[in-house]
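S.K.: Take this structure, written in structure tokens, and hold onto it; I'll ask about it next.
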Amino acid sequence: MNYKNPARQAVVTTADKIFETMQHEIVEGEILAGSKISEPELAKKYQVSRSTLREALNRLEKCHLIERKANVGSRVVECTTKGLLEIYIVREALEGMACRLAASQMKDDEIKELQTILAVHGQEKQLQDGIAYYQEEGDLDFHYRVIQGSNNQQLINILCGELYHLVRMYRCQFGMNSPRASRAYGEHKAILHAIADRDGELAEMLMRRHIAASRKNIERKLEQESE
């Protein structure tokens, strides 16, 4: 059965292009977290009409990347300790479940593809130096592929659709550049080994521990920035 990929939709209209561009810029920190959204400035920057821009902003709001408040206007979401805890508790539970399902649902060739992706990740110099573990979004993202491998459309909709880019915002801006990089890579390999062994219980436990460790790492960074 072919499952829909809610994070990968065909770019057809100008609003689609603006949405994808702004989504990437927010996630990567090129548009700063907490910054005010100025529709006139953005319409000029992207050379689009205000109505086209608003369509893109509406979609960014649905992805939880911007917030709109009456009499205040729109802002990019802020990365806070409270927000981190809430979203990572959800991740720990749901990605653990997805990992358990992936151990029984992923096909052998899908597991081999993921092993190849991890091998490519391991060749990155920043990872070898223990500085950072950067993963491209979508099909090159280990977590994304495991969730897709669960073959559960509800989990895919939530984790690869509704929450994916907000989670990625925390990961990109606080989690990937970290002294935990080498350890995180090793944890990915252990998780995949459990999936390949069709040990769903172990795979779920390892994923939950992995996400909890990542949460604690990001939490420390946020606390240091607020000091």
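S.K.: Based on the alpha-carbon gyration tensor of region 99-178 and its eigenvalue square roots a ≥ b ≥ c, which shape applies: rounded if a/c is under 1.5, prolate if not and a/b is larger than b/c, or oblate?
M.R.: oblate
S.K.: How would region 71-131 be classified by its alpha-carbon gyration tensor: rounded, prolate or oblate, with rounded meaning a/c under 1.5 and the a/b versus b/c comparison settling the rest?
M.R.: It comes out oblate by the Cα gyration axes.
S.K.: If the cut-off is a Cα-Cα distance under 14 Å, which aspartates and glutamates reach LYS17, setting aside same-chain residues fewer than 8 apart in sequence?
M.R.: The reachable aspartates and glutamates, counting only those whose Cα sits under 14 Å from LYS17, are GLU25, GLU55.
S.K.: For a Förster distance of 41 Å, can you work out the FRET efficiency between the beta-carbons of LYS112 and GLU223, rounded to the nearest 0.05?
M.R.: Computed FRET efficiency for LYS112 and GLU223: 0.50.
S.K.: Accessible area of region 125-227 with a 1.4 Å probe: how many percent of it is carbon plus sulfur?
M.R.: Percent of accessible area from carbon and sulfur atoms in region 125-227: 46.
S.K.: Given the Cα-Cα distance of LYS62 and GLU136 and 0.36 nm per residue of separation, how much length would full extension add, in nm?
M.R.: 24.4 nm
S.K.: What residues of region 23-63 lie in the reach of a label at ARG75, counting those whose backbone N is under 11 Å from a point 7 Å from the Cα along Cα→Cβ?
M.R.: Zone members listed by number: 33-37.
S.K.: For GLU204, what is the net charge nearby, where nearby means another residue's Cβ is under 11 Å from its Cβ and Lys, Arg count +1, Asp, Glu -1?
M.R.: The answer is -1.
S.K.: Under the rule a/c < 1.5 gives rounded, and otherwise a/b versus b/c splits prolate from oblate, where does region 1-115 land using the Cα gyration tensor?
M.R.: oblate
S.K.: Mind checking the full-extension length gain between VAL120 and GLN47? Use 0.36 nm per residue of separation minus the Cα-Cα distance, one decimal, nm.
M.R.: Length gained between VAL120 and GLN47: 22.5 nm.
S.K.: In addition: Solvent-accessible area per residue for the chain at a 1.4 Å probe radius, Å²?
M.R.: Here the per-residue accessible area is 53 Å².
S.K.: Now for a separate question. Mind checking which lysines have their Cα closer than 28 Å to the Cα of LYS82? Skip sequence neighbours fewer than 8 apart in that chain.
M.R.: Straight-distance partners of LYS82: LYS36, LYS62, LYS69, LYS216, LYS221.
S.K.: GNM, the chain, Cα, under 10 Å: largest mean-square fluctuation among ASN71, ASN217, ASN152?
M.R.: Fluctuation is largest for ASN71.
S.K.: Would you work out which of LEU84, CYS63, VAL48 lies farthest towards the positive end of the dipole of region 13-122, given +1 charges on the beta-carbon of Lys and Arg and -1 on that of Asp and Glu, about the Cα centre?
M.R.: Among LEU84, CYS63, VAL48, the one farthest towards the positive end of the dipole of region 13-122 is VAL48.
S.K.: Which GluC sites (Glu not before Pro) from region 31-137 combine a DSSP loop assignment with at most 10 other Cβ atoms within 10 Å?
M.R.: Here the GluC sites (Glu not before Pro) that fit, given the DSSP loop and packing criteria, are GLU136.
S.K.: Further, regarding this structure: What distance in nm separates the simple spin-label points at THR13 and ARG183, each placed 7 Å from Cα in the Cβ direction?
M.R.: So the two model labels end up 4.7 nm from each other.
S.K.: Could you work out which residue, out of ARG68, ARG100, ARG168, moves most in a Gaussian network model of the chain, that is, has the largest mean-square fluctuation with Cα springs under 10 Å?
M.R.: The residue that fluctuates most here is ARG68.
The values are calculated or read from the model by the stated rules, or taken from the named source; none is laboratory data. Since the structure is predicted, the reported quantities are computational estimates derived from the model, not experimental observations. Heads up, the Cβs are rebuilt from the backbone with ideal geometry, glycines too, and the neighbour counts pull from every protein chain shown. Surface accessibility is based on the protein's heavy atoms, side chains included, excluding ligands, DNA and RNA. Shrake-Rupley method; radii C 1.70, N 1.55, O 1.52, S 1.80 Å.
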